[in-house]
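Trainee: Sharing a structure with you now.
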Amino acid sequence: MTSGQGPRRALITGISGQDGSYLAEFLLERGYQVFGLLRRSSSPRTERIEHILDRLELLSGDLLDQGSLIRALDEAQPHEVYNLAAQSFVPTSWTEPVFTAEATALGVMRLLEALRHVCPDARFYQASTSEMFGSAPAPQHEGTPFHPRSPYGVAKVFAHWATVNYRESYGTYAVSGILFNHESPRRGPEFVTRKVSQAVARISLGKQKGLKLGNLQARRDWGHARDFVRAMWAMLQLDTPKDFVIATGQTHTVGELCRIAFEVAGLDWRDHVTSDSALLRPAEVDHLVGDAKHAQNQLGWKPEITFAQLVREMVENDLRLESK
Ligand code: NAP
Ligand code: G4F
C-alpha cells in the first residue's frame, strides 16, 4: 500500500508479542514499511519475528519512557500506530499492579500525548480487551458497561477512555478494538491455551505427569490471532473512527478446551487434569462471549479459523517442538 510518497508507514508497539508478530506479517504483505518499538532486555526477545527481522525497522523504546516514544514517532513518521504493548498477563496484574498501571494505562496516555505533538494526523489503534467487561452479563457488545475484575482490566479501561477522549478532544483518529481472547502457536506459555497445548504434547511424549489448572468452569470466547489482526487494520481504514468488539461469538469452558486439546493426541483429559485452588484468581471473569455484528457489518470482518482448528494447530505445533 502506498501513500503517494512511497509506502505507508506503520509503527507497532509490542511487535515482539504474539499479536505484534502476526500484525507485522500482515502489514508487510500489504506493502507497508513496518517499524516496531522494542524495549531493552538482557537477552533478545525477537523469537516471534525472527523470520521477518530483515524487513522490519526496530526502534528502541518503552511505554514507561516518554522521550523514547517521542523519538520513535519522530523517526518513523507513521501513518498508522498500533499500540499492542502492555503488561498483558492478568495474574501478574495482582502481583505487580503499579507496574501494570504504568505500562498498560499510563503508557497509553504517554503515547497519545507523544502522537498529538509529533504526528497528529497519524491514525491510532489501541488494544482494548474483553477483560474490561469483567462481570458484565454475556453476550458483551460495544454498549455493554465495563466492570473490570483485575488491575489489568482496570488499567485497560483507563487506556480505553484515554483513547476515546483524545478522539473527542483533539479530533485524533484514535480507536479501540475490544478484542476477546485470541490465541495461536505463538501464545505465551503462561496463558491457559498454550499451557494446555504444551502439557498435552509433553504428557503424550512421556515428558510430564499431569496438568494443574485453576478454574475449569471459566468461559472464554477464543479466536485465532491471525484472524484478529485483520480487524485491527480494518479499523484504521474507515472514514470515521469508531470502536469495535472483535470476537467469534462462540464460548467454551476451560474444561472443554482441555477435552478438545487432549483428544488431538488421543488422550482423555480427565485422566490428566486437576484443579489446584492455588491457581484460582482473587476475582474471576466467569463468562465472556462477544457480539461482533458491528464489525461484521461495517468492517466486513469475520473469523475464518474455528476453535477446533485453533486448538489442533496449537497442539500439533507443540508436539513438533517437544519432539525435537
Ligand atoms: P503479549 O504477547 O504479551 O505481548 C505484549 C507486548 O508488549 C510484548 O511485545 C512486550 O514486549 C510489550 N511490552 C510490554 N511492556 C512494555 C513496555 N513497558 N514498553 C514497551 N513494550 C512493552 O500480548 P498479545 O497477546 O500480543 O496482546 C497484544 C495486546 O493486545 C496487549 O496490549 C494485550 O493486553 C491486548 N489484548 C490481548 C488479547 C489476547 O487474547 N491476546 C485480547 C485482548 C487484548 P517484551 O517482548 O519485551 O515483553
Ligand atoms: O489464558 P488466560 O490467562 O487469559 P485471560 O485472563 O482471559 O486474559 C487474556 O485474554 C484477555 C482478553 O479477554 C486479554 F486482555 C489478556 O491480555 C489475556 O490475553 O486465562 C483464561 C481463563 C481464565 O478464566 C483463567 O482463570 O483460564 C482460566 N485458567 C484456569 N486455569 C487459567 C488456568 N489461566 C491460566 N493462565 N493458567 C491456568 O492454569
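Trainee: So for the stretch 1-52, averaging the separation of alpha carbon pairs under 8 Å that are six or more residues apart and normalising by length, what relative contact order in percent results?
Mentor: Result for the stretch 1-52 is 42 percent.
Trainee: Based on the Cα coordinates of the stretch 87-165, what is the per residue volume of their convex hull in Å³?
Mentor: Per residue, the Cα convex hull of the stretch 87-165 comes to 87 Å³.
Trainee: Anyone know which of PRO189, PRO44, PRO91 comes out most mobile in the 10 Å Cα GNM of the chain?
Mentor: Of PRO189, PRO44, PRO91, the Gaussian network model singles out PRO44 as fluctuating most.
Trainee: Here's something else I'd like to know. Please find the FRET efficiency linking LEU267 to ARG40, where r is the Cβ-Cβ separation and R0 is fixed at 35 Å, and quote it to the nearest 0.05.
Mentor: Efficiency, from the Cβ-Cβ distance: 0.25.
Trainee: I want to verify the translational diffusion coefficient of the stretch 1-142 in µm²/s; compute it with Stokes-Einstein, Rh as the Kirkwood radius over Cα pairs, at 4 °C and 1.567 mPa s.
Mentor: D = 81 µm²/s.
Trainee: Additional query: Using the basic label-point model (7 angstrom from Cα toward the beta carbon), what is the ARG320 to ARG71 distance in nanometres?
Mentor: 3.8
Trainee: If you consider only alpha-carbon coordinates, what radius of gyration and Dmax does the stretch 132-257 have, in Å?
Mentor: Calculated on Cα positions, Rg and Dmax stand at 17.3, 58 Å.
Trainee: Please figure out what share of the DSSP beta bridges in the chain is antiparallel and state it in percent, rounded to the nearest 5. Mind showing how you got there, number by number?
Mentor: Working: 3 of 37 bridges.
About 10 percent, rounded to the nearest 5.
Trainee: If I model the stretch 247-324 as equal point scatterers sitting on the Cα atoms and use the Debye formula, what is log10 I(q)/I(0) at q = 0.13, 0.20, 0.21 Å⁻¹?
Mentor: Log10 I(q)/I(0), no solvent term: -0.60, -1.05, -1.08.
Trainee: Moving to a separate point now. Using the Kirkwood radius built from alpha carbon pairs, what does the Stokes-Einstein equation give as D for the chain at 4 °C and 1.567 mPa s, in µm² per second?
Mentor: 64
Trainee: Still on this structure, please answer the following. Suppose all protein chains stay in the model; what accessible area per residue would a 1.4 Å probe give for the stretch 38-191, in Å²?
Mentor: Ligands and nucleic acids excluded, the result is 44 Å² per residue.
Trainee: Once you've got the GNM for the chain with C-alpha springs shorter than 10 Å, pick whichever of SER43, SER21, SER277 has the biggest mean-square fluctuation.
Mentor: SER43
Trainee: Further question on the same structure: Determine the share of the stretch 37-182's accessible area contributed by carbon and sulfur atoms, expressed in whole percent, with a 1.4 angstrom probe.
Mentor: Roughly 52 percent of what the probe reaches on the stretch 37-182 is carbon or sulfur.
Trainee: How long are the semi-axes of the equivalent ellipsoid of the stretch 163-224, taking √(5λ) for every eigenvalue λ of the Cα gyration tensor, in whole Å from largest down?
Mentor: One finds semi-axes of 38, 12, 9 Å for the stretch 163-224.
Trainee: I'm a student and want to see the number: the projected area of the Cα convex hull of the stretch 1-63, averaged over all directions, in nm².
Mentor: If you wrap the Cα atoms of the stretch 1-63 in a convex hull and average its projections, you get 4.3 nm².
Trainee: Only helical DSSP H runs with n ≥ 4 go in: add -39500 (n - 2.57) per run for the chain, normalise by residue count and round the 222 nm mean residue ellipticity to 500 deg cm²/dmol.
Mentor: -11000 deg cm²/dmol
Trainee: Given the options ASP65, ASP227, ASP54, which has the most mean-square fluctuation in a GNM of the chain, springs set between C-alpha atoms less than 10 angstrom apart?
Mentor: Of the options given, ASP54 has the highest mean-square fluctuation.
Trainee: Another question, then. I'd like the distance between the alpha-carbon centres of the stretch 286-324 and the stretch 9-74, rounded to an integer number of Å.
Mentor: Result: 23 Å between the Cα centres.
The values are calculated or read from the model by the stated rules, or taken from the named source; none is laboratory data. Source: prediction; values computed, not measured. Counting neighbours? That spans all protein chains shown, and the Cβs are built from the backbone with ideal geometry, glycine included. Accessible surface is based on the protein model in full, side chains and every heavy atom, while ligands, DNA and RNA are left aside. Shrake-Rupley method; radii C 1.70, N 1.55, O 1.52, S 1.80 Å.
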